[in-house]
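Chemist: Sharing a structure here in structure tokens format.
Every number in this text was worked out from the coordinates using simple rules, so none of it is lab data. These numbers come from a predicted model, not from an experiment. Don't worry about glycine lacking a Cβ; one is built from the backbone with ideal geometry, like all the others, and counts go over all protein chains shown.
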Amino acid sequence: MSIRYIYLDDEDLTEIRSYIRAVQFVADGKLEIERRPPLRYDKQVDALRDLSDEIDGVILDFRLDMRSNEVDGESERANYRAGSIAQEMRSLQAEGKVKEIPLVLWSLSSRFDRDFYPNETSHDLFDLASRKEEINDDAGAKKMASRLISLANGYGELQNTMEENSDRKQFTYKLLGLEESPNFLDKRIITYFDNRSALPIHKYARFILRKMLGHTRPLVDESVLAARLGVDKQQSGDWEELLAYLESSKYKGPFREGWPRWWWSWVSDWWKNEVTDKSLKRLSAEVRVDHLSESLNLDGLVAAQPIEEKYSTRFWTVCEYYGGPLDRTDGLRAQARNLEPWMDRPYISKKAALKRKGEVDPLDDGRFQRLKRRS
């Protein structure tokens, strides 16, 4: 049985059909997206309440009040934006009046920049917010399909975890797909929900998606993993074989299919036990790859190259703008909001900073000013 989403968008179906088809096509029958024109507010709330048991999620365009649509033979224009209907759905979910399902935002880049991002009160209402332009190519469509499926499955997993773990002691690590509490997790993560009464599922989902999967440490995404191992994953024919060695370090909690991550502490232990006891941080990318190739008998690994030729290859993060591997000595801390103590700060390369491709954190403004004077 396929996962079913309702998609509310006031654009004509012919204008948005390509997005729907692209995502459904790469899902191989596992995903159904049904576009419906938005109704007026009260009618739309009633419709979603009636449908909540039959669907697995809702996708919304941010602006639902731009055009009139024919509904039941009459021309009708919605009198609200996505944030309003999402807020009402979250309230009904919290009150137990409708089934908890993910809410996803699809909108054009222009609307993101003008309408969504400045309205911070709407940000926490959505499990995923994406630009429609991201779905235009095959890779973007596959990523979107995977995340829509993962969100629906993850909500179900969270529901099961809550039902099976009424004892709140050490509850948070079970939400993260861990069998026991590992010693590397910040205690503030472990106790995040342990001492609270049961919350709505979407609050647990938000914690995992925003506080864990959305940042580096204690989990790393594939780009940071490759950077720290010194590998160019696009050029390396043995990249998938290398990932197979790290299967036991992989995050196995909710939303894992759409947001693949690895527990860095376990990857670090694997490096010491299976590759070499030499510190990763002190090795160049070339030496890291040499150790991997020799220890694992993988001949198809290629060392990653720096963003700029003069940059160090002792990579530990990625540039927020270019996406390439970066030694933090060749970067500046990027501006980031609402970072928890356990999270690593994001970085942009000096090259990106000089080209004004990202905001430098005020903590590094002095370094940035000196860099500009030298350039």
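Chemist: Relative contact order for the chain: what percent, with Cα pairs under 8 Å and sequence separation of 6 or more? Don't jump to the answer; show the numbers that get you there.
Modeler: Values: 610 pairs, mean separation 43.4, N = 375.
In percent, rounded to a whole number, it is 12.
Chemist: What aspartates and glutamates could a cross-link reach from K252, if we take a straight Cα to Cα line under 17 Å and drop same-chain neighbours fewer than 8 places away?
Modeler: Leaving aside aspartates and glutamates fewer than 8 places away in the same chain, those within reach of K252 are E157, E179, E180, D221, E222.
Chemist: Moving on. Are there trypsin sites (Lys or Arg not before Pro) in segment 144-189 that DSSP marks as loop and that have at most 14 other Cβ atoms within 10 Å, and which are they?
Modeler: R168, K169
Chemist: A further question follows. If you place +1 on the Cβ of every Lys and Arg, -1 on the Cβ of every Asp and Glu, and leave all else neutral, what size is the dipole of segment 1-98 about its Cα centre, to the nearest 20 Debye?
Modeler: Dipole about the Cα centre, nearest 20: 280 debye.
Chemist: Also, I was wondering about something else. First obtain the Kirkwood hydrodynamic radius of segment 251-328 from its Cα pairs, then insert it into the Stokes-Einstein equation at 4 °C and 1.567 mPa s, and state the resulting D in µm² per second as a whole number.
Modeler: It diffuses with D of about 92 µm²/s by this estimate.
Chemist: Next question, about the same structure. Would you please give the residues with an amide H less than 5 Å from that of E320, counting only those at least 5 places away or on a separate chain, with H modeled from the backbone geometry?
Modeler: Hits under the 5 Å cutoff: Y347, I348, S349.
Chemist: With springs only between Cα atoms under 10 Å, which of D330, D221, D28 fluctuates most in a Gaussian network model of the chain?
Modeler: Of the options given, D28 has the highest mean-square fluctuation.
Chemist: Right, next: Please identify, among I55, I16, I33, the residue showing maximal mean-square fluctuation in a Gaussian network model of the chain using a 10 angstrom Cα cutoff.
Modeler: Maximum fluctuation in the GNM of the chain, among the listed residues, is at I16.
Chemist: Which length gain, in nm to one decimal place, applies between E274 and Y80 when the Cα-Cα distance is subtracted from 0.36 nm times their residue separation?
Modeler: 64.2 nm
Chemist: To continue, here is another question. Which entries of K43/K97; K143/K350; K250/K272; K272/K310; K281/K310; K174/K233 have Cα-Cα distances beyond 20 Å here?
Modeler: Cα-Cα > 20 Å for K143/K350; K272/K310; K174/K233; rest within.
Chemist: If I build a Gaussian network model for the chain, linking alpha-carbon pairs within less than 10 angstrom, which residue out of L199, L219, L332 has the largest mean-square fluctuation?
Modeler: Its mean-square fluctuation being the largest, the pick is L199.
Chemist: Between segment 43-59 and segment 343-374, what is the C-alpha centre distance in whole Å?
Modeler: 45
Chemist: Moving on to the next point. So what's the chain giving for Cα Rg divided by 2.2 N^0.38 Å, two decimals? Mind dumping the intermediate values first?
Modeler: Working: Rg = 22.6 Å, N = 375, 2.2 N^0.38 = 20.9 Å.
For the chain, the normalised Cα radius of gyration is 1.08.
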